[in-house]
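Asks: Below are the structure tokens for one structure; questions will follow.
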Amino acid sequence: MTCSCNVINEQLEASEHRYLVDQYNVEILTTPRIRLKNVTVEQDQVNTINIPAPGKLYVSKSQDRVGSIYQQQGSQLKWVCDIAEKVRRERLILQPGKYKLITRPSSAFETRKTSEQEFEIHSGGSTQINVK
């Protein structure tokens, strides 16, 4: 997705800022990012954007692995982030949703050594994945 627009402001959570009356595309810096199109700002009105609380993902690996986390959107997978190759226990903060972790051992180059694990993140919850 390409955007020919410019960032006009970075705003901290629970803070207020005055904007000109208009429609804006808003990007919330969560993992994965939340993008809202055409948010209308009206004269003398306060707009509050509520987002779901994130959840935690704990990934434990028995060996060095390369891999990525993808968000499941219908039949499509959308890349979210890579996992740390040489870290055996990793904690990630993710927005609620359905995901897939795809990894392979760092020393392997064959696709047959790839593993996939589906998981779901719930607001305020935690999910543990053990990759062997």
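Each reported figure results from applying straightforward, stated rules to the coordinates on display, with no laboratory input. Since we're looking at a predicted model, the values are computed, not measured. Every residue, glycine as well, gets a Cβ built from its backbone with ideal geometry; the counts of neighbours run over all protein chains shown.
Asks: Of all DSSP beta bridges in the chain, what percent run antiparallel (nearest 5)? Let's see the in-between values first.
Replies: On the way: 32 of 38 bridges.
Beta bridges within the chain, antiparallel portion: roughly 85 percent.
Asks: Convert each backbone phi in the range 56-61 into a coupling constant with the Karplus relation 6.51 cos²θ - 1.76 cosθ + 1.60 (shift: θ = phi - 60°), then list the ³J(HN,Hα) values in order as whole Hz, x for Gly and Pro.
Replies: 10, 10, 10, 10, 10, 10
Asks: Among Ile34, Gln63, Thr48, which residue has its Cα furthest toward the positive end of the charge dipole of the chain, with +1 on Lys/Arg Cβ and -1 on Asp/Glu Cβ?
Replies: With unit charges placed on the Cβ atoms, the residue in question is Gln63.
Asks: Straight-line reach from Lys86: which lysines fall under 18 Å, measuring Cα to Cα and dropping same-chain residues less than 8 apart?
Replies: Excluding near neighbours in sequence, the set is Lys61, Lys113, Lys132.
Asks: Quick one: Thr103, Thr114, Thr127, fewest Cβ neighbours within 10 Å first, how do they rank?
Replies: Exposure proxy ranking, most exposed first: Thr114, Thr127, Thr103.
Asks: Also, quick follow-up: Gain in length, Arg18 to Val87, computed as 0.36 nm per residue apart minus the alpha-carbon separation, to one decimal in nm?
Replies: 20.6 nm
Asks: Here's a follow-up. Please enumerate, by chain and number, the aspartates and glutamates with C-alpha under 15 Å from the C-alpha of Lys98, excluding those fewer than 8 residues away in the same chain.
Replies: Glu116, Glu118, Glu120
Asks: What list of ³J(HN,Hα) couplings, whole Hz, do you get for the range 93-108 from phi and the Karplus terms 6.51, -1.76, 1.60, once you set θ to phi - 60° and write x for glycine and proline?
Replies: 3J(HN,Hα) across the range 93-108, in whole Hz: 9, 10, 5, x, x, 9, 9, 9, 9, 10, 9, 8, x, 4, 7, 9.
Asks: Can I ask one more? Once R0 is set to 30 Å, what does the formula 1/(1 + (r/R0)^6) return for the Cβ-Cβ distance between Lys100 and Asp64, expressed as a FRET efficiency to the nearest 0.05?
Replies: 0.90
Asks: If we sort 82-95, 22-35 on the protection proxy, mean other Cβ atoms within 10 Å, highest first, what's the order? Show your work: numbers first, answer last.
Replies: Numbers: 82-95: 14.1, 22-35: 12.4.
The peptides rank, most packed first, as 82-95, 22-35.
Asks: Let me know the charge dipole size of the range 1-82 about its Cα centre in debye, to the nearest 20, where only the beta-carbon of Lys, Arg (+1) and Asp, Glu (-1) is charged.
Replies: Taking the Cα centre of the range 1-82 as origin, the dipole is about 500 debye.
Asks: Counting only residues 5 or more places away or on other chains, whose amide H sits under 5 Å from the amide H of Val66 once H atoms are built in the peptide plane?
Replies: Correct list: Arg104, Ser106.
Asks: If the chain between Ser75 and Glu118 were fully stretched, how many nm would it gain, using 0.36 nm times the residue separation less the Cα-Cα distance?
Replies: Contour length minus Cα-Cα distance gives 14.1 nm.
Asks: Grab the other residues whose beta carbon is less than 11 angstrom from that of Thr103, score K and R as +1, D and E as -1, and report the net. Walk me through the intermediate numbers first.
Replies: On the way: positive: Lys61, Arg65, Lys100, Arg104, Lys113, Lys132; negative: Asp64, Asp82, Glu85, Glu116.
So the surrounding residues net to +2.
Asks: Count the net charge of all other residues whose Cβ sits under 13 Å from the Cβ of Ser75, scoring Lys and Arg as +1 and Asp and Glu as -1.
Replies: Details: positive: Lys78, Lys98, Lys100; negative: none.
Counting the neighbours of Ser75, the net charge comes to +3.
Asks: Using the 10 angstrom Cβ neighbour count as an exposure proxy, how do Val39, Val7, Val66, Val21 rank, fewest first?
Replies: Ranking Val39, Val7, Val66, Val21 by Cβ neighbours within 10 Å, fewest first, gives Val7, Val21, Val39, Val66.
Asks: On to the next question. Per-residue HN-Hα couplings for the range 18-30, Karplus 6.51 cos²θ - 1.76 cosθ + 1.60 at θ = phi - 60°, whole Hz, x for Gly and Pro?
Replies: 8, 10, 5, 4, 4, 10, 10, 8, 10, 10, 9, 7, 9
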